[in-house]
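Enquirer: Provided herewith is a single structure, encoded as structure tokens, for subsequent inquiry.
Nothing in this text is a laboratory measurement; each read-out follows from the coordinates by a stated rule. The structure displayed is predicted, hence computed values, not measured ones. Using ideal geometry, Cβ is built from the backbone for each residue, glycine included, and neighbour counts are taken over all protein chains shown.
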Amino acid sequence: MQSNQSAPILDDILLALGNKVPSVVTAEAVAEELQRYLDYGVPPAQARATILRHYGVQAARGGAAPSGGRKALADLLPNESFVTLHVRIVAINEKEILVKGEKRRIQYGILGDESMTRPFTAWKPIEAKKGDVFKIVGAYAKEYQGGAEVQLGDRAVLEAADADSLPAVPAARTVKVGDLAAGQSNVALVARILNVAPRPVTVQGVQKTVWSGVLADDTGKVGFTSWTDFQLKDGQAVRVAGGYVRSFRGAPQFTFDEKATVETLPDSQAPSLQEIAQAGPVPLADLYLGSGALDAVVEATLVEVRPNSGLVMRCPECKRTLQATACLEHGKVTGQPDVRIKAVLDDGTGAINAIFGRETTEALMGKSVDDCVKIAKDAMSTEVVETELKHKVLARPLRCRGNVVVDEFGPTLIVQEAAFLQRDLAAAAEALLAELEEAV
């Protein structure tokens with residue numbers, strides 16, 4: 001159902017698409033796609049630009065931006081300069097920092113408009129409090145943790161505006177872990193902390209500590225990073241509001257800092273550790289349409305063993321597979337033997353590329369790397385190993401656990417655990433027959 005929020009955006013998208021509607025796609029399909037993005041918490045301007053790109057239309061920068069030449073926060077890019085904003089102060093604080101060896105007091109916090117919220121830093125004093133609305137001329141942006149942060153320097157001019165001139169900043173939207181996607185902001189999660197630990201990082205030459213770990217709910221797991229010590233503990237049920245989502249190695253990464261709110265919840269409000277450990281398999285169609293996954297479980301049939309599977313030789317320096325006896329990086333080297341499977345898995349809902357490393361490949365073959373080397377030497381060919389591998393795994397159902405990464409070639413499951421499934425063929429045949437009878 002089309003919401004009041006989506007109606008003007010949809011009209012703008014259809015106007016931009018022009019004669020592509022309905023010859024290529026129906027207006028109903030565009031409306032459904034737009035609503036799905038909005039339901040996932042994607043800012044309206046970003047959703048508009050994404051849909052237009054999908055249909056081959058280049059959105060104007062700041063498309064669907066408010067009138068008056070101002071920039072919506074959702075359209076702000078790192079390194080943009082002298083932009084005009086119409087924003088509300090969501091949070092504002094002060095702190096003292098060192099600038100070229102001199103102490104300086106600055107203000108920082110969060111700005112928001114109808115599209116999203118973003119962090120800001122004011123390098124000169126501003127008279128403002130939470131809830132105030134301003135028109136800002138001459139702001140600029142810099143990159144901050146993968147996004148844009150508003151900077152208010154000496155050239156920035158703030159003009160107070162009526163509080164009713166800007167819609168209220170949306171509250172953090174609570175989403176499920178399985179619905180996280182890179183680019184989302186002002187997100188809230190209700191989940192259980194599986195593990196958390198401090199780790200040192202270097203930011204612009206300064207040593208800092210962040211707290212990293214894994215959060216989980218009944219839809220999946222996600223890696224997280226907190227830039228503030230919220231005293232998080234393993235096993236806690238928490239609600240984290242005000243986080244944002246980045247992509248790390250092709251999978252969503254939930255990130256939050258001192259601007260977020262963290263609330264400890266009763267245990268009953270998040271899945272137990274046992275329930276999380278016993279989570280069922282994820283349909284491959286969901287993984288294919290998603291943006292990566294952490295520690296996903298799938299049950300599927302291995303339908304293809306791809307070339308360069310079986311016994312391979314790796315560079316002792318960089319671990320790349322060798323071409324003949326040469327490494328692309330280090331030239332001719334003495335290779336180290338390894339085994340792997342590059343495969344395609346299919347569960348009936350979809351298919352996905354999968355890579356099995358040494359341990360999982362040895363377990364499925366029932367042979368070690370040394371065994372495979374001996375077989376290849378006896379046959380004077382590595383093809384015999386690949387042939388045996390195919391005989392062992394091809395067309396066999398598997399239960400796999402691993403991380404899903406996404407690149408320009410689509411999603412790939414990096415398998416960390418794998419085992420053959422023993423299925424009741426009679427029961428499966430009966431289920432299929434019942435399904436066919438219902439379809440008649």
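Enquirer: Counting Lys +1, Arg +1, Asp -1, Glu -1, what net charge surrounds residue 306 among other residues with beta carbon under 14 Å of its beta carbon?
Expert: Details: positive: 340, 342, 390; negative: 304, 346, 386.
Charge balance in the 14 Å sphere: 0.
Enquirer: Let me ask something additional. So what is the relative contact order for the chain, in percent, with contacts set as C-alpha pairs under 8 Å and at least six apart? List each step's numbers first, then the result.
Expert: Details: 925 pairs, mean separation 39.5, N = 440.
Computed value for the chain: 9 percent relative contact order.
Enquirer: On to the next question. Just name one of 157, 241, 282: the one whose Cα is farthest towards the positive end of the charge dipole of the chain (beta-carbon charges, Lys/Arg +1, Asp/Glu -1).
Expert: After comparing all options, I get 157.
Enquirer: Shape of the range 124-184 from its Cα gyration tensor (a ≥ b ≥ c, root eigenvalues): rounded if a/c is under 1.5, otherwise prolate when a/b > b/c, or oblate?
Expert: Working: a/c = 3.12, a/b = 1.50, b/c = 2.08.
Oblate shape, in that a/c is at least 1.5 and b/c is the bigger or equal ratio.
Enquirer: Please give me, ordered by residue number, the chymotrypsin sites (Phe, Trp or Tyr not before Pro) of the range 212-265 that lie in loop per DSSP and have at most 11 other Cβ atoms within 10 Å. Let's see the in-between values first.
Expert: Numbers: sites: 224, 227, 230, 244, 248, 254, 256; in loops: 227, 230.
Those that pass, being in a loop and sparsely packed, number zero.
Enquirer: Now, a different point. Calculate how large, on average over all directions, the projected area of the Cα convex hull of the chain is; give the answer in nm² to one decimal. Don't skip to the answer; put the middle values down first.
Expert: Working: hull surface 115.4 nm².
Approximately 28.8 nm², given one-decimal rounding.
Enquirer: What does the charge count near residue 133 come to, summing +1 for each Lys or Arg and -1 for each Asp or Glu among other residues with Cβ under 13 Å from its Cβ?
Expert: On the way: positive: 70, 88, 129, 130, 135; negative: 113, 114, 132, 159, 162, 164.
After counting each charged neighbour, the total is -1.
Enquirer: A further question on this structure: Rounded to the nearest 0.05, what FRET efficiency do residue 272 and residue 144 have when you use their Cβ-Cβ distance and R0 = 30 Å? Intermediate values should be presented prior to the final figure.
Expert: Details: r = 36 Å, r/R0 = 1.21.
So the FRET efficiency works out to roughly 0.25.
Enquirer: So for the range 73-165, what are the equivalent ellipsoid semi-axes in whole Å, largest first, each being the square root of 5 times an eigenvalue of the Cα gyration tensor? Write down the numbers at each step before the final one.
Expert: Numbers: eigenvalues 81, 50, 29 Å².
Rounded to whole Å, the semi-axes are 20, 16, 12.
Enquirer: Let me ask something else about it. Taking a spot 7 Å from the Cα of residue 304 along the direction of its beta carbon, which residues of the range 401-418 have an amide N less than 20 Å from it?
Expert: Answer for this model: 404-415.
Enquirer: Still on this structure, please answer the following. Test of the criteria: in the range 276-369, which GluC sites (Glu not before Pro) are in a DSSP loop and have at most 13 other Cβ atoms within 10 angstrom of their Cβ?
Expert: Passing both the DSSP loop test and the Cβ count: 317, 329.
Enquirer: Could you work out the helix-only [θ] at 222 nm for the chain, with each DSSP H run of four or more residues adding -39,500 (n - 2.57) and the total divided by the number of residues, to the nearest 500 deg cm²/dmol? Let's see the in-between values first.
Expert: Working: 9 runs with 92 residues, N = 440.
Here the helix-only value at 222 nm equals -6000 deg cm²/dmol.
Enquirer: Using the structure shown, list the pairs from 130/221; 319/392; 129/176 with a Cα-Cα distance above 29 Å, or answer none.
Expert: Among 130/221; 319/392; 129/176, the Cα-Cα distance tops 29 Å for 130/221; 129/176.
Enquirer: Could you work out the relative contact order of the range 295-420, using alpha carbon pairs under 8 angstrom and six or more residues apart, expressed as a whole percent?
Expert: Relative contact order here is 31 percent.
Enquirer: Could you work out how far the C-alpha centroid of the range 137-160 sits from that of the range 71-93, in angstrom?
Expert: The two parts, judged by their Cα centres, are 6 Å apart.
Enquirer: Further question on the same structure: Going through the range 114-190, which trypsin sites (Lys or Arg not before Pro) have at most 16 other Cβ atoms within 10 Å and a DSSP loop state?
Expert: Numbers: sites: 129, 130, 135, 142, 155, 173, 176; in loops: 129, 130, 155, 176.
Answer in residue order: 129, 130, 155, 176.
Enquirer: Ranked from highest to lowest mean number of other Cβ atoms within 10 Å per residue, what is the order of the peptides 349-356, 367-374?
Expert: Put in order of decreasing packing, that is 349-356, 367-374.
Enquirer: Within 10 Å, Cβ to Cβ, of residue 399, how many net charges do the neighbouring residues add up to if Lys/Arg are +1 and Asp/Glu are -1?
Expert: Values: positive: 401; negative: 299, 417.
For residues surrounding residue 399, the net value is -1.
Enquirer: If amide hydrogens are placed 1.01 Å from N in the peptide plane, which non-local residues have theirs closer than 5 Å to the one on residue 265?
Expert: Under 5 Å from the amide H of residue 265: 237, 238, 239.
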